[in-house]
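Inspection log for the structure reproduced underneath, given as structure tokens.
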Amino acid sequence: MRPNRIDSTHATRVVIIGAGPAGLLLGQLLTSAGIDNIVLEQRTAEHVSARIRAGILESDTVDALQRAGVGARMAKEGLVHHGIELSFNGDRHRIDFQALIGRDVTVYGQTEVTKDLMGARRSAGAVTVYEAEDVELHDFDGSRARVSYRKQGVRHEVHCDFIAGCDGFHGVSRASVPATSKKIFERTYPFSWLGILSDTPPVAGELIYARHERGFALCSMRSTARSRYYVQVPATEKIERWSDSRFWDELRYRLDAPTAEAVVTGPSIEKSIAPLRSFVCEPLRFGRLFLAGDAAHIVPPTGAKGLNLAVSDVLYLAEGLIAHYEHGDAQGLDQYSERCLRRVWKAERFSWWMTSLLHSFPDSDDFSHRIQEAELDYLTHSDSARRALAENYVGLPR
């Protein structure tokens, strides 16, 4: 087949690239508003629904999913957390979100959010093309855009008004923008998170963020019977070097004694290493192409902002598209990038701060260690400092 041959031509209002939570939520919001759209996804539906990702939802994210009509299972199975705990120097200190700001977060895995959104899209009869290969974006700097892709040997082309690039950090959307039209801000951290998922009860009722001289550790969960644990490892670490028993030993070593004693161990059902980076692409709009979620920005997972930032982007974009189609109002689309980036950079700052506060850096000296200890001591003894952490963690207002 010749690369430039088109076998089938279609038209829609919005083409959404990527069937992760950002793309699926945008599709759900547009479909509910009667705006025709199509989602293109490179992977299979089974792969998308099985991806293990974060699971801390801000209160505004919970509200958004409920308003979108995909919150029923989350309301039944999600775990509402009223705070987190910080562990350092052998003690645990609780940050009480409810007492400080009267809000909370919900533990509900991104995998489950994705499944709920996929189910809603199927029920609505909206079009999702999985295993869409060789996706290319065309003419998004003109009066009407096009997206081409190959499916089972057939080359398709979709004409559209707008393209939403929700295809993640390695996707085609941001890569399609000329380098001269975008500015990249990036920081790569010299460590990664080694994480395991296990069918064991969580060690505590809320998340524990632990700072230790050997490195950071996190005790998290997906349900009352499934735990998610992480330890900081060098950026060059290999997963093959970590048996389950080595992981459990290292995790317990980094926790305070009572918590370490209470950890219930078991075989891992998933084990992976995730690098940490801070990344922002500016702007988020290029003519008729809009970037959202990980296609536009990445945050270290320490602040639990990744999925929540993606949802925030999508809400701004959906508002702009709905206003455009229903009222001919372009203001929301024109201001999309600016509105998103104000929130993005605040989340980047918070995630960088949490990462800097709790991790061991290979080039740190005694002065740096003392500064971390002083910051933690101030944080756990100042209502103002705890309140600032709480309002950022639970989510700043849109």
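All of (1) loosely packed, with under 15 Cβ neighbours inside 10 Å; (2) within 30 Å of Phe162 (Cβ to Cβ) hold for Phe367 with one exception: (2).
Looking at this structure, is Lys115 surrounded by fewer than 20 Cβ atoms within 10 Å (Cβ to Cβ) and in contact with a Ser or Thr (Cβ under 6 Å, 6 or more places away or on another chain)? Against the criterion (surrounded by fewer than 20 Cβ atoms within 10 Å (Cβ to Cβ) and in contact with a Ser or Thr (Cβ under 6 Å, 6 or more places away or on another chain)), Lys115 qualifies. Here is a check on your reading of the model: is Ala45 buried (at least 20 other Cβ atoms within 10 Å of the Cβ), under 20 Å from the mean Cα position of the chain (by Cα) and in contact (Cβ under 8 Å) with a residue 60 or more places away in the chain? So Ala45 fails the test. Of all the listed residues (Ser351, Ser356, Ser384), the sole one being touching a Ser or Thr at 6+ places or on another chain (Cβ under 8 Å) and within 20 Å of Ile84 (Cα to Cα) is Ser351.
Does Arg174 satisfy the criteria of being modelled with pLDDT of 95 or more and not small (Gly, Ala, Ser)?
On the way: modelled with pLDDT of 95 or more: yes; not small (Gly, Ala, Ser): yes.
Criteria met by Arg174.
If you go through the range 239-269 and pick out every residue that is hydroxyl-bearing (Ser, Thr, Tyr) and outside any helix (DSSP H, G or I), you end up with 3.
Among residues of the range 165-183 that are over 18 Å from Val39 (Cβ atoms), those with a beta-carbon under 8 Å from a residue that is among the aliphatic types (A, V, I, L, M) and surrounded by 15 or more Cβ atoms within 10 Å (Cβ to Cβ) at least six positions away or on a different chain give the pairs Phe169/Ala295; Phe169/Ile298; Val177/Leu289.
Can you go through Arg103, Arg43 and tell me which one is charged (D, E, K, R), assigned to a loop (DSSP other than H, G, I, E, B) and under 22 Å from Ala292 (Cβ atoms)?
None of the others qualify; the one that does is Arg43.
Only one of these is buried (at least 22 other Cβ atoms within 10 Å of the Cβ), in contact with a Pro (Cβ under 7 Å, 6 or more places away or on another chain) and not acidic (Asp, Glu): Leu307, Leu358. Name it. Working first, answer last.
Working: Leu358 fails: in contact with a Pro (Cβ under 7 Å, 6 or more places away or on another chain).
The match here is Leu307.
In the range 362-398, what residues are under 24 Å from the mean Cα position of the chain (by Cα), at pLDDT 95 or above and either over 18 Å from Arg94 (Cα atoms) or of a type outside the set (Lys, Arg) (or both)? Ala388, Leu389, Ala390, Glu391, Asn392, Tyr393, Val394, Gly395 - these are the residues of the range 362-398 that are under 24 Å from the mean Cα position of the chain (by Cα), at pLDDT 95 or above and either over 18 Å from Arg94 (Cα atoms) or of a type outside the set (Lys, Arg) (or both).
Look at (1) assigned to a strand (DSSP E or B); (2) crowded, with 16+ Cβ neighbours inside 10 Å; (3) touching a Cys at 6+ places or on another chain (Cβ under 7 Å); (4) of a type in the set (A, V, I, L, M, F, W, C) and you find that Ile184 fails only one, number (2).
For the range 270-384, list the helices (runs of 4 or more DSSP H) that sit wholly inside it and hold at least 1 residues that are of a type in the set (Ser, Thr, Tyr) and touching a residue at least 60 places away in the same chain (Cβ under 8 Å); which are they? Give the derivation first.
Details: elements: 306-327, 331-334, 336-358, 366-381.
So the answer is 306-327, 336-358, 366-381.
Applying the criterion of being among the small types (Gly, Ala, Ser) and assigned to a helix (DSSP H, G or I) to the residues of the range 55-92, the residue that is surrounded by the fewest Cβ atoms within 10 Å (Cβ to Cβ) is Ala72.
Among the residues in the range 145-159, are any under 17 Å from Val14 (Cα atoms) and either at pLDDT below 95 or out of contact with any strand residue (DSSP E or B) (no Cβ under 6 Å at 6 or more places or on another chain) (or both)?
Of the residues in the range 145-159, the ones under 17 Å from Val14 (Cα atoms) are 145-149, 156-159.
Filter once more, so that each one left must be either at pLDDT below 95 or out of contact with any strand residue (DSSP E or B) (no Cβ under 6 Å at 6 or more places or on another chain) (or both): none.
No, the conditions are met nowhere in the range 145-159.
The values are calculated or read from the model by the stated rules, or taken from the named source; none is laboratory data. Since the structure is predicted, the reported quantities are computational estimates derived from the model, not experimental observations. With ideal geometry, Cβ positions are generated from the backbone for all residues, glycine too; neighbour counts draw on all protein chains shown.
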